[in-house]
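A.B. asks: Just passing along the structure, written as structure tokens.
The values are calculated or read from the model by the stated rules, or taken from the named source; none is laboratory data. Keep in mind that what you see is a predicted model, and the values were worked out from it rather than measured. Note that we place each Cβ from the backbone using ideal geometry, even for glycine, and neighbour counts take in every protein chain shown. For the accessible areas, the whole protein counts, side chains as well, though only heavy atoms, and no ligand, DNA or RNA atoms are used. Shrake-Rupley method; radii C 1.70, N 1.55, O 1.52, S 1.80 Å.
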Amino acid sequence: MKSEPSYILVTPVRDEEATIGRTIESVLKQTCLPREWVIVSDGSTDGTDGIVRRAAAKNPWIRLLALAPRPTRSFAAVVHNTEMGIGHLNYRGYHFIGLLDADVEFQADYYEQLMRRCEAEPSLGLTGGVVIDIGMPRNRYPRNLAEVPGAVQFFRRECFQRIGGLIPIPEGGWDGMTCAMARMHGYQTRLFTDLVVDHLKPRNIAEGGVFRRKWQMGVRDYAIGYHPVFEGVEFISRMKESPLIIGALAWGVGYCTAALQRRTRIVDPTVMAYVRQEQLCRIGRMIIPWSYRRSPANSK
């Protein structure tokens with residue numbers, strides 16, 4: 001007899017007392033609760049740990065793993081802490097594993113919906129809802145619906161095991177590489193646009209002001225090996241985003257600066273080549289329909 005699908009959650013957190021309570025409430029309201037939720041606090045110095053401990057006292061399936069403080073924030077630390085949380089799981093009979101940031105909230109049947117859809121599509125290995133930043137329109141979706149942000153990545157267990165773990169990239173971007181590795185192993189990755197996850201603060205706000213964050217995203221794109229042609233096409237499309245033009249320039253400067261510095265890349269060359277091939281195929285799909293529409297044969 002087939003057992004009912006179950007899931008566990010792992011959350012890396014650092015100094016999120018302003019938002020983690022709302023994330024906990026979202027999980028507590030789920031129509032299907034997780035079997036276990038390990039929250040890894042990376043040396044939080046505010047009230048984060050106290051909020052988690054109070055929730056855990058009422059719900060034994062919530063566990064706090066409190067780490068010693070580290071001097072600075074790091075994108076790689078998110079991966080290390082997530083992997084540590086997975087290693088400390090007590091419940092081992094789960095079918096799905098969810099990675100969850102501590103600054104989001106979502107509808108009550110969110111995880112039930114994800115499990116149902118994964119059960120209906122065996123090839124679906126990694127999925128999640130659309131994460132909408134605070135203040136942004138709730139009907140504006142990412143251009144690439146195959147990229148699931150790390151804040152809400154939800155894996156079929158065997159898919160997570162096949163990719164062999166997350167990549168601790170210091171500049172960030174580990175979530176995009178995780179999606180690529182899942183597809184390399186034959187799984188589908190997909191965002192569900194009808195499942196909206198509210199991000200309770202601007203993305204990467206810890207990096208500083210908006211221009212600093214845009215610059216850092218460019219550095220990230222170089223570190224994870226984005227194709228220069230793809231980056232150029234993206235640069236043009238970003239010029240329409242806020243802040244107009246100068247935000248795209250900051251992004252581009254970040255990419256070019258990292259390239260000139262020849263920053264060390266730790267992404268496996270095979271994964272990088274796969275990502276670049278996907279990017280060139282996306283550009284091809286953009287160009288070919290446009291060329292077809294503008295060709296003389298179709299203008300008669």
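A.B. asks: Are any of the residues in the stretch 229-236 of a type in the set (F, W, Y) and open to solvent by 40 Å² or more (accessible area, probe 1.4 Å)? Walk me through it before giving the result.
C.D. replies: Initially, the stretch 229-236 is screened for residues of a type in the set (F, W, Y), giving 230, 235.
Checking the rest, the ones that are also open to solvent by 40 Å² or more (accessible area, probe 1.4 Å) come to 235.
There is at least one residue in the stretch 229-236 that is of a type in the set (F, W, Y) and open to solvent by 40 Å² or more (accessible area, probe 1.4 Å).
A.B. asks: Would you be able to say whether some residue in the stretch 20-27 is within 23 Å of the chain's Cα centre (by Cα), among the basic types (K, R) and within 23 Å of I169 (Cβ to Cβ)? Walk me through how you get there before you give the answer.
C.D. replies: The initial filter retains those residues of the stretch 20-27 that are within 23 Å of the chain's Cα centre (by Cα), namely 20-27.
Imposing the further condition that a residue be among the basic types (K, R) reduces the set to 22.
Pick out the ones that are also within 23 Å of I169 (Cβ to Cβ) and you get none.
No, the stretch 20-27 contains no residue that is within 23 Å of the chain's Cα centre (by Cα), among the basic types (K, R) and within 23 Å of I169 (Cβ to Cβ).
A.B. asks: Could you grab me the full set of residues in the stretch 258-290 that are of a type in the set (S, T, N, Q) and open to solvent by less than 70 Å² (accessible area, probe 1.4 Å)? Give the derivation first.
C.D. replies: Here is the first cut: in the stretch 258-290, the ones of a type in the set (S, T, N, Q) are 261, 264, 270, 277, 279.
Result: Q279, single match.
A.B. asks: Would you confirm, using the coordinates I've provided, whether V52 is of a type in the set (A, V, I, L, M, F, W, C) and modelled with pLDDT under 95? Don't jump to the end; show me each part of the working.
C.D. replies: On the way: of a type in the set (A, V, I, L, M, F, W, C): yes; modelled with pLDDT under 95: no.
So V52 fails the test.
A.B. asks: Kindly indicate whether D194 is in contact with a strand residue (DSSP E or B) (Cβ under 9 Å, 6 or more places away or on another chain), charged (D, E, K, R), farther than 19 Å from D101 by Cβ and not in a helix (DSSP H, G or I). Reasoning before the result, please.
C.D. replies: Values: in contact with a strand residue (DSSP E or B) (Cβ under 9 Å, 6 or more places away or on another chain): yes; charged (D, E, K, R): yes; farther than 19 Å from D101 by Cβ: yes; not in a helix (DSSP H, G or I): yes.
Answer is yes for this residue.
A.B. asks: Could you tell me which of the residues R263, R293, R285 is at pLDDT 80 or above and over 24 Å from the mean Cα position of the chain (by Cα)?
C.D. replies: After ruling out the rest, the residue left standing is R285.
A.B. asks: Give the residue, chosen from Y222, Y141, that is among the hydroxyl-bearing types (S, T, Y), farther than 17 Å from A77 by Cα and surrounded by 16 or more Cβ atoms within 10 Å (Cβ to Cβ). First the steps, then the outcome.
C.D. replies: Working: Y141 fails: surrounded by 16 or more Cβ atoms within 10 Å (Cβ to Cβ).
The unique qualifying residue is Y222.
A.B. asks: Could you please tell me which pairs satisfy a Cβ distance under 7 Å, a separation of 6+ or placement on different chains, a first residue in the stretch 137-148 that is under 20 Å from L124 (Cα atoms) and in contact (Cβ under 8 Å) with a residue 24 or more places away in the chain, and a second residue that is of a type in the set (S, T, Y) and open to solvent by 90 Å² or more (accessible area, probe 1.4 Å)?
C.D. replies: Within 7 Å, no pair qualifies.
A.B. asks: While we're on this one: Go through (1) surrounded by fewer than 19 Cβ atoms within 10 Å (Cβ to Cβ); (2) over 20 Å from T178 (Cα atoms); (3) hydroxyl-bearing (S, T, Y) one by one and return the number of the condition S123 breaks.
C.D. replies: (2)
Okay, residues lined up against (1) open to solvent by 40 Å² or more (accessible area, probe 1.4 Å); (2) touching a Ser or Thr at 6+ places or on another chain (Cβ under 9 Å); (3) free of Cβ contacts under 8 Å to residues at least 24 places away in the same chain; (4) in a strand (DSSP E or B):
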residue	(1), (2), (3), (4)
E4	yes, no, yes, no
L9	no, no, no, yes
P12	no, yes, no, yes
E17	yes, yes, no, no
T23	no, yes, no, no
S26	no, no, no, no
L33	yes, no, no, no
W37	no, yes, no, yes
V40	no, yes, no, yes
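A.B. asks: Follow-up question, since we're still on this one. Report yes if some residue within the stretch 151-165 is open to solvent by 40 Å² or more (accessible area, probe 1.4 Å) and part of a loop (DSSP other than H, G, I, E, B); otherwise report no. Working first, answer last.
C.D. replies: Residues of the stretch 151-165 open to solvent by 40 Å² or more (accessible area, probe 1.4 Å): 157-158, 161-162, 164.
Among the residues that remain, those that are also part of a loop (DSSP other than H, G, I, E, B) are: 164.
So far as the stretch 151-165 goes, yes, one or more of its residues are open to solvent by 40 Å² or more (accessible area, probe 1.4 Å) and part of a loop (DSSP other than H, G, I, E, B).
A.B. asks: Among the residues of the stretch 57-75, which ones are open to solvent by 40 Å² or more (accessible area, probe 1.4 Å) and not in a strand (DSSP E or B)?
C.D. replies: A57, K58, P60, W61, A68, P69, R70, P71, T72, R73, S74, F75
A.B. asks: Another question, if that's okay. Could you tell me whether V78 is crowded, with 18+ Cβ neighbours inside 10 Å, aliphatic (A, V, I, L, M), in contact with a helix residue (DSSP H, G or I) (Cβ under 8 Å, 6 or more places away or on another chain) and at pLDDT below 95? Can you show your working first?
C.D. replies: Values: crowded, with 18+ Cβ neighbours inside 10 Å: yes; aliphatic (A, V, I, L, M): yes; in contact with a helix residue (DSSP H, G or I) (Cβ under 8 Å, 6 or more places away or on another chain): yes; at pLDDT below 95: yes.
Yes: the conditions hold for V78.
A.B. asks: Among the candidates G128, G172, G135, single out the residue that is open to solvent by 10 Å² or more (accessible area, probe 1.4 Å) and of a type outside the set (D, E, K, R).
C.D. replies: Numbers: G128 fails: open to solvent by 10 Å² or more (accessible area, probe 1.4 Å); G172 fails: open to solvent by 10 Å² or more (accessible area, probe 1.4 Å).
G135 is the lone residue from the list that is open to solvent by 10 Å² or more (accessible area, probe 1.4 Å) and of a type outside the set (D, E, K, R).
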